[in-house]
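Asker: Right, I'll just put the structure down here and ask away after.
The values are calculated or read from the model by the stated rules, or taken from the named source; none is laboratory data. Fair warning: this is a prediction, and the values are worked out from it, not measured in the lab. We place every Cβ from the backbone using ideal geometry, glycine too, and count neighbours over all the protein chains shown.
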Amino acid sequence: MTVKELLIHEIDAMSDLELVNALDVIRSLRSQSKAQQSKPPHRKGSGKSVLRHVGKWVGDDLPECLEMVYASRGTAKF
């Protein structure tokens with residue numbers, strides 16, 4: 001049996017209330033499918049937009065900041 005035939009067989013055995021609920025589900029699935037088709041695919045950011053605003057390091061505390069970062073970082077667990 002094909003999927004369509006199996007669906008028709010199940011539909012024939014359903015009550016009116018079940019049919020209304022099934023129709024709602026089918027319409028919801030179709031509208032979600034149409035919405036996903038109309039969306040452009042998502043791109044990951046490159047980070048370039050952030051770098052435009054960062055600028056260069058200003059100050060003489062870079063070594064202390066690096067020491068603080070090294071002292072406070074933990075071990076990654078994957």
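Asker: Please specify each residue of region 14-30 satisfying the condition of being among the hydroxyl-bearing types (Ser, Thr, Tyr) and surrounded by fewer than 10 Cβ atoms within 10 Å (Cβ to Cβ).
Answerer: Matches in region 14-30: Ser15 only.
Asker: I've got another one for you. If His53 satisfies every condition in (1) more than 22 Å from the chain's Cα centre (by Cα); (2) surrounded by 10 or more Cβ atoms within 10 Å (Cβ to Cβ) but one, which is the exception?
Answerer: Of (1) more than 22 Å from the chain's Cα centre (by Cα); (2) surrounded by 10 or more Cβ atoms within 10 Å (Cβ to Cβ), only one is false for His53: (2).
Asker: Scanning for something more than 30 Å from the chain's Cα centre (by Cα) and part of a loop (DSSP other than H, G, I, E, B), does region 6-13 turn up at least one residue?
Answerer: Within region 6-13 (the criterion being more than 30 Å from the chain's Cα centre (by Cα) and part of a loop (DSSP other than H, G, I, E, B)), the answer is yes, since at least one residue qualifies.
Asker: Could you tell me whether region 57-66 includes any residue that is modelled with pLDDT under 75 and loosely packed, with under 10 Cβ neighbours inside 10 Å?
Answerer: yes
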